[in-house]
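A short worksheet on the structure shown next.
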Amino acid sequence: MAAVGNPPPVMRAFALQQTRTLLRRLAFQMSRAARPGDPEAIHDLRVAIRRFSRCLRVFSQFLPGGKRRKVRRDLTRVMDLAAAVRDRDIALDLLRQARTPAIAALSATLRRERRDAETRLRAAAGSLARQSFSQKWRIWLRL
């Protein structure tokens, strides 16, 4: 049996494989979210970010520390931008369900805010894609 501070090689292989898989899924969802008009893509991106971020945390002993923290900072930035879009999607959905005419002005404001938030998210996702973030992160994390 391996010592506490020295996990078996099979665990390292598993951790790296899971990290690679979740990074591929994140890259796919990032590209979906970079396209306009799909509220579910924003939700799926948030899920992919949470899962990949959790993976980085859980398997931290198998990944380089400095670069792992940089990746997590980038993820936090994108997650915050995606949250701004998703929050407005949820608010708009609740307003639609309420069917109250007095909230038309609020709906218009939320739609405008959502459009602006989506523009910022798409710009950040596009910027990461242009930097080939998934390839860069794969190298940084030694996957």
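Each value in this text was obtained by applying a stated rule to the coordinates, not by laboratory testing. All of these numbers come straight from a predicted model, not from anything done at the bench. Reconstructed Cβ throughout: ideal geometry from the backbone, glycine too, with neighbour counts over all protein chains shown.
A few remarks follow.
- Signed unit charges on C-beta, dipole axis of the stretch 55-125, positive-most listed residue Cys55, Gln97, Ala123: Cys55
- Each residue of the stretch 130-138 was assigned a 3J(HN,Hα) from its phi angle through the Karplus curve 6.51 cos²θ - 1.76 cosθ + 1.60 (θ = phi - 60°); the sequence is 5, 7, 6, 4, 5, 5, 4, 5, 4 Hz, with glycine and proline shown as x.
- Candidates Pro8, Ser31, Leu81 compared by Cα position along the dipole of the chain: farthest toward the positive end lies Pro8, with charges placed on Cβ.
- Charge dipole magnitude, Cβ of K and R +1, D and E -1 - the chain, Cα centre, debye nearest 20: 560 debye
- Fluctuation leader among Phe59, Phe133, Phe14 - the chain, Gaussian network, Cα springs under 10 angstrom: Phe14
- Calculated log₁₀ intensity ratio I(q)/I(0) where the Debye formula runs over C-alpha points of the chain, q = 0.11, 0.17, 0.21 Å⁻¹: -0.49, -0.90, -1.19
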